[in-house]
């Protein structure tokens, strides 16, 4: 890969990070039927947790990545316990509020996060004795991690719990009548979503070696919604393709930023009108069962 420019390597690495993030949102939106705007909150939690543990306590990133994943999952459950008892509209508002609240905390807890100055000089990732000291190494790592995340998503939605989660999405009253614990299934989805987002945040922090409260910004939710909805929520490969296209596309449009909003708006309009299932029509239909999720 020595012939690939650093710029293209960077796009590839960021694409891998967004592949993890679309798995996080797709589990909530596609397979649970809940619009969660908490993904940036869980993403930021993972980034700050891994960065602070490695800098303040000197922990190896093999451990901090695992901690970021666990913290993301635990944060998802902690947020889900109160918010999942509310109506769907209130749930959206609560998840957005949680993201904004964490952004305020990161901006104002100067002693811990350095506020708007951000945390710089985050150590390079060192996993199982191997340091990711180059963009090529990062790209290989993110490709492997992305494939593992896709495989994990398939395993989740194909499992007994995953099929129950999808049953709740498709027909909640029937699922309740069948004895499925709706709150338990949605907390399971939130935990899985948080784990993916927390791990993505850790990768982001150690790759860029700098984070600030902007990591909690709504622009991340906006990008993820475009990737998942236009890719095809509730499918395995649609959001992945959406992540690839809509991570690279903004880079292509840097030379003509005024065209970005026009192109995004046009694509959204065309897909809503002619492909309401998104690009998933080419990669599989939204799953009616866990077994069909990967088709």
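Throughout, read-outs are computed from the coordinates displayed, never taken from laboratory work. Quick caveat, the model's predicted, so the values are computed rather than measured. Glycine also receives a Cβ, built like all others from the backbone with ideal geometry; neighbour counts cover every protein chain displayed.
Show me the ranking of peptides 189-196, 158-165 by mean Cβ neighbours inside 10 Å, starting with the highest. Walk me through the numbers before you get to the answer.
On the way: 189-196: 27.9, 158-165: 18.8.
Per-residue Cβ counts within 10 Å, averaged per peptide and sorted highest first, yield 189-196, 158-165.
Take the Cα of residue 210, go 7 Å toward its beta carbon, and the backbone nitrogen atoms of segment 5-36 under 18 Å from that spot belong to 7, 10-11, 14.
One chain, two ends: residue 245 and residue 109. Fully extended at 0.36 nm per residue, the span grows by 45.3 nm beyond their Cα-Cα distance.
Express in nm, to one decimal, how much length is gained between residue 131 and residue 183 on full extension, taking 0.36 nm for each residue of separation and deducting their alpha carbon distance.
On the way: separation 52, 0.36 × 52 = 18.72 nm, distance 4.11 nm.
Taking residue 131 through residue 183 to full extension adds about 14.6 nm, to one decimal.
Start at zero, step by 10 Å, and the Cα-Cα distances of segment 148-248 spread as 13, 37, 34, 13, 2, 0 percent across the bins.
Once the Cα gyration tensor of the chain is found, what semi-axes does its equivalent ellipsoid get, as square roots of 5 times the eigenvalues, in whole Å, sorted largest first? Could the numbers behind the result be given before it?
Values: eigenvalues 168, 109, 71 Å².
Each semi-axis is √(5λ); the values are 29, 23, 19 Å.
Taking each residue as 0.36 nm, the span from residue 267 to residue 124 lengthens on full extension beyond its C-alpha to C-alpha distance by 47.7 nm. Helical content alone sets the calculated 222 nm signal of the chain at -23000 deg cm²/dmol, taking -39,500 (n - 2.57) per DSSP H segment of four or more residues and averaging over every residue.
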